[in-house]
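See below for the structure under consideration.
The values are calculated or read from the model by the stated rules, or taken from the named source; none is laboratory data. Values in this document were obtained by computation on a predicted structure and should not be read as measured data. Note that we place each Cβ from the backbone using ideal geometry, even for glycine, and neighbour counts take in every protein chain shown. What goes into the accessible areas is simple: the full protein's heavy atoms, side chains included, and nothing from ligands, DNA or RNA. Shrake-Rupley method; radii C 1.70, N 1.55, O 1.52, S 1.80 Å.
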Amino acid sequence: MTDHEPDGLPSQYAPAEVEARRYEHWEKAGYFTPEAQENPDAPSFSIVLPPPNVTGSLHIGHALDHTLSDTMVRRRRMQGYRTLWLPGTDHAGIATQNVVERELAKEGLSRHDLGREAFVERVWEWKSEYGGRILGQMRRLGDSVDWSRERFTMDEGLSRAVQTIFKRLFDDELIYRAERIINWCPRCLTALSDIEVDHSDDEGELVSIRYGDGDNSIVVATTRAETMLGDTAVAVHPDDDRYSHLVGTTVELPLTGRVIPIVADAHVDPAFGTGAVKVTPAHDPNDFEIGRRHDLPGLSIMDERGVITAPGPFQGLDRFEARPAVVAALREEGRIVKEVRPYLHAVGHCSRCGTTVEPRQSLQWFVRVAPLAKAAGDAVRDGRVELSPTEMNARYFGWVDDMHDWCISRQLWWGHRIPVFYGPEGQVRCVGPNETAPDGWTQDPDVLDTWFSSALWPFSTLGWPQDTPDLRAFYPTSVLVTGYDILFFWVVRMMMFGLYANRGKAPADAIPFRNVVLHGLVRDQYGKKMSKSRGNTVDPLEWIDRFGADAVRFTLARGSNPGSDTAVSEEWAAGSRNFCNKLWNATRFALMNGATVAATGTNGPFHTQESGTGGDPELWTNLSVPDRWILSRLSSVIADVDGLLDRFEFGKACEALYHFAWDEFCDWYLELAKTPLTAGDPAEADRTRRVLGFVLDQMLRLLHPVMPFVTDELWSALTGEDSVMMAAWPTFSFNDPGAEAEVESLMRLVTEIRRLRSDQGLRPGQRVPARLAGIETTPLAAHEASIRSLLRLTDAGQGFAVSASLVVEGVTVELDLAGTVDVAAERARMEKDLAAARKEAAQMTAKLGNPAFTDKAPADVVAKSRQRLADAEADIARLAARLASLG
């Protein structure tokens, strides 16, 4: 039972007084565990939470991810599935190590002062005390994750999984060690994955340099003049006639005295710059590939901190100090063909510290991805895994069909250490989880890329490599929800490793997930990307404090559809809070008017047209038209929402629910229900109460997955039951087009009369005598009492005189405004408005008649002007008609 009696809801909804209490109850009751829905015949539904960094806090992107996942999980749970939403966190190698190193720096220490073992122990202490803050924040959002199964990428079980798959890949010759170009951070002193590099357009300087002299000279352009110290060739396109006579010859490299070859390579773009490029294989990924094709040496000219090591006058300079020094030396030798000029180009920065990333040739560990990537591509091509939206397939195939080998080693101390040992005579051995290296052997100092362990997440969290009950029940997982921006970085990696690790299973059972739902970025209301520099970022926790978790969730879900960016604003969050309040007030109205829920099964006292059984025949036979209308609309909304959620169209599902709940149920049905509830016929009032209770019950169930807190509080107050999250998902089916058409006619009539009242200057609550001539010959005759109640229309008594009228839905509506409106003042107001509308129309007509405007202005500006003219003309017609009706 709930804390409130059915008629004891507070007058206002206070999220802070409901959310923590509700969540604590759900968690203690064990509702988040599959065991709470134990049914051996029930289908399984599972999602593994994309593991947030252990250093992180809930940001708006997380809030969107979690809202969509929780919506799916809560719905499937109500549909009778054995559901598992498994939470956990990622050890976040670079980020976590940086945090702890900053803490050490405050004590005047570095990690080297502690040594590796003591430093790692210090990180574990930090993780125990401060890590996982985001998990508490997830509770505030309402995530119905199974906390009893929470995992961490470096817990004992997941570490065993990492070592197991590394050993298998190594033994299958899919892991190797080699010198390649990688992203290198001179501040963090480690290789970086592509996702750990943020690219921005930075102002640089483009300089053109002449190599060689006379007819054999050649000019190259570069933004990184200091790297020329490591050039080992100049490359031109094979079909570029300007340089064909130079291919195969050599040229002297300025400042060094070295002679380098001129080679032809199809990678060179003859239209860029001079059509000739310097080749520095040790400091550029494209140059590295050119070097491999032409067997060029790679000369490293700077150390791990970006300091020049090449012998000569620049040795010891930082890379950014060396750049202008090299240019000055070239200018002094007369080698600058074009003076330095500004040039905007893409530059990579370490996402953790902001340092400019240096492409660097380095000895690293790699995964040979070709066979793994092919399997990942095949799984989508043959339909075992479906991407939503399907438009993402082309991008996915573009990546998996042209993947480069994956650099998996990091020069860190925090992370899964590479399980490779070296013997005293150069022996190399990879050690599995049940193996040990011989005494005296040295373990590789590097750790694995964080994405390596997170690529195992869908199956390692379920107990792999052991054959566990969870692995059998919940793998493959059902859905992955994530942003399209990490489709390559994480999704593809999970696909590759899931298929590889489970290759002994049937192909349909080896995949890590059956559906991948890809959403876009969360943007501001103007569609701009959120950033601190713009000042348009949103803290979801601050919004939860102000508007409540349900309002934040509904705002995010309402703006989300597959593949599209989600726009949010404070105004929309406030509107969602108002929606919560609307539901609260509607439920209080229902309870105060004795609304009942006869049974907590799916359909209660009502049978469905599909089943043709059950329900209360007497109740069904005597239902009023408004009751049949709202039941028919409920049935349509259930079907619409089911279809939309099955297609992951969360935004459209929320729109359907919002308009049904606010517009149809609250604004129309509750108003129409007031007449039978107060008319004095007990049987009719009882039927309306039962319909009111049933529709509210079903509506709260439909809204629960996206708005869990307020719906749980209201549903418990309505039904006296414990929690709506354990109630059955609605399956009610009923179709009454006649009732829908009749009530829609009533709605059109009421809407037009409200507009007439407004045009006459009547206040909404002001009563006015009215005659509804001809209504007795229409189906609306049975609703006259409700119409008059909705519109505050009194009977036309003695002395009734028509002041305003209109004809709508076959009814002539006549109003007597005597004593309610100052007709002369109203005429004066309308004439003023009419003059303003005519002036607007004249201005827009003149503007649109001017070719200088229509031919040169942007199309959207011209379209807005045309719309302003149409609006003005409509106002003119409306105001003229109203003036005529005043006489």
(request) Pick out the one residue from ASP545, ASP485 that is acidic (Asp, Glu) and over 15 Å from the mean Cα position of the chain (by Cα). (result) ASP545
(request) Would you be able to tell me the number of residues in the range 833-869 that are within 40 Å of the chain's Cα centre (by Cα) and within 25 Å of ARG757 (Cβ to Cβ)? (result) 0
(request) Would you please name the residue that is least open to solvent (accessible area, probe 1.4 Å), looking only at residues in the range 28-51 that are in contact with a Lys or Arg (Cβ under 8 Å, 6 or more places away or on another chain) and part of a helix (DSSP H, G or I)? (result) PRO34
(request) Output the residue which, of all residues in the range 646-674 that are closer than 23 Å to THR67 by Cβ and charged (D, E, K, R), is most open to solvent (accessible area, probe 1.4 Å). (result) ARG647
(message) Taking the conditions exactly as written (more than 30 Å from ALA639 (Cα to Cα) and free of Cβ contacts under 8 Å to residues at least 12 places away in the same chain), does ARG767 satisfy them or not?
(response) no
(request) Find all pairs meeting these conditions: Cβ atoms under 7 angstrom apart; at least six residues apart or on different chains; first residue within the range 846-874 and over 24 Å from ALA835 (Cα atoms); second residue assigned to a helix (DSSP H, G or I). (result) PHE853/LYS847; THR854/LEU848; THR854/VAL862
(request) Could you identify the single residue in GLU744, GLU740, GLU752 that is modelled with pLDDT of 95 or more, open to solvent by 50 Å² or more (accessible area, probe 1.4 Å) and not aliphatic (A, V, I, L, M)? (result) GLU744
(message) For the structure I just gave you, tell me whether ARG352 is within 16 Å of LEU255 (Cβ to Cβ) and not in a strand (DSSP E or B).
(response) no
(message) Being closer than 23 Å to MET72 by Cβ, at pLDDT 95 or above and β-branched (Val, Ile, Thr): is that true of THR555 here?
(response) yes
(message) Considering only residues that are open to solvent by 10 Å² or more (accessible area, probe 1.4 Å) and not in a helix (DSSP H, G or I), which ones fall in the range 477-504?
(response) SER478, ARG503, GLY504
(request) Identify all residues within the range 269-295 that are under 19 Å from ASP240 (Cβ atoms) and crowded, with 22+ Cβ neighbours inside 10 Å; write none if there are none. (result) ALA276, VAL277, LYS278, VAL279, ASP287, ILE290
(request) Considering only residues that are in contact with a strand residue (DSSP E or B) (Cβ under 8 Å, 6 or more places away or on another chain) and open to solvent by less than 50 Å² (accessible area, probe 1.4 Å), look in the range 776-793 and name the one that is farthest from VAL750 (Cα to Cα). (result) THR778
(request) For ALA683, indicate whether it is more than 20 Å from ARG792 (Cα to Cα), in contact with a helix residue (DSSP H, G or I) (Cβ under 8 Å, 6 or more places away or on another chain) and of a type in the set (A, V, I, L, M). (result) no
(request) Just need a number here: residues in the range 326-352 that are closer than 29 Å to ARG493 by Cα and either open to solvent by less than 40 Å² (accessible area, probe 1.4 Å) or out of contact with any helix residue (DSSP H, G or I) (no Cβ under 7 Å at 6 or more places or on another chain) (or both). (result) 5
(request) Could you please let me know if ARG395 is in a loop (DSSP other than H, G, I, E, B) and in contact (Cβ under 8 Å) with a residue 24 or more places away in the chain? (result) no
(message) So, ALA92, is that one open to solvent by less than 40 Å² (accessible area, probe 1.4 Å) and on the phi > 0 side of the Ramachandran plot or not?
(response) yes
(message) When the residues of the range 808-828 are narrowed to those that are part of a strand (DSSP E or B) and closer than 13 Å to ARG882 by Cα, which ends up least open to solvent (accessible area, probe 1.4 Å)?
(response) LEU815
(message) Take the residues in the range 438-462 that are crowded, with 17+ Cβ neighbours inside 10 Å and small (Gly, Ala, Ser); name whichever of them is farthest from the chain's Cα centre (by Cα).
(response) SER460
(request) Mind listing just one residue for me: the one in the range 388-430 that is surrounded by 14 or more Cβ atoms within 10 Å (Cβ to Cβ) and of a type in the set (A, V, I, L, M) and, of those, farthest from the chain's Cα centre (by Cα)? (result) VAL420
(message) When you check ALA685 against the structure, is it open to solvent by less than 10 Å² (accessible area, probe 1.4 Å), at pLDDT below 95 and either at positive phi or not polar (S, T, N, Q) (or both), yes or no?
(response) yes
(request) Just name the residue that is nearest to THR256 (Cα to Cα) out of those in the range 158-212 that are of a type in the set (Phe, Trp, Tyr) and buried (at least 18 other Cβ atoms within 10 Å of the Cβ). (result) TYR211
(request) Return the only residue of VAL750, VAL743 being farther than 23 Å from ARG882 by Cβ, in contact (Cβ under 8 Å) with a residue 40 or more places away in the chain and either of a type outside the set (S, T, N, Q) or not in a loop (DSSP other than H, G, I, E, B) (or both). (result) VAL743
(request) Spot the failing condition for ALA842; the list is (1) loosely packed, with under 14 Cβ neighbours inside 10 Å; (2) part of a strand (DSSP E or B), and only one is missed. (result) (2)
(request) Considering each of ASP241, ASP215 in turn, give the residue that is open to solvent by 10 Å² or more (accessible area, probe 1.4 Å) and either under 22 Å from ARG292 (Cα atoms) or not in a loop (DSSP other than H, G, I, E, B) (or both). (result) ASP215
(request) For residues that are under 19 Å from CYS188 (Cβ atoms) and of a type in the set (D, E, K, R), scanning just the range 95-116, find the one that is most open to solvent (accessible area, probe 1.4 Å). (result) LYS106
(message) Which of the numbered conditions does ASP265 fail, given that it passes all the others? Conditions: (1) open to solvent by 20 Å² or more (accessible area, probe 1.4 Å); (2) in contact with a Pro (Cβ under 9 Å, 6 or more places away or on another chain).
(response) (1)
(message) Against the condition open to solvent by less than 50 Å² (accessible area, probe 1.4 Å) and either hydrophobic (A, V, I, L, M, F, W, C) or not in a helix (DSSP H, G or I) (or both), how does GLY535 come out, does it pass?
(response) no
(request) Could you tell me whether ARG472 is free of Cβ contacts under 8 Å to residues at least 40 places away in the same chain, charged (D, E, K, R), farther than 19 Å from PRO52 by Cα and in contact with a strand residue (DSSP E or B) (Cβ under 6 Å, 6 or more places away or on another chain)? (result) no
(request) Those residues that are open to solvent by 10 Å² or more (accessible area, probe 1.4 Å) and closer than 15 Å to ARG553 by Cβ, I need them from the range 568-577; list them, please. (result) TRP572, ALA574, GLY575, ARG577
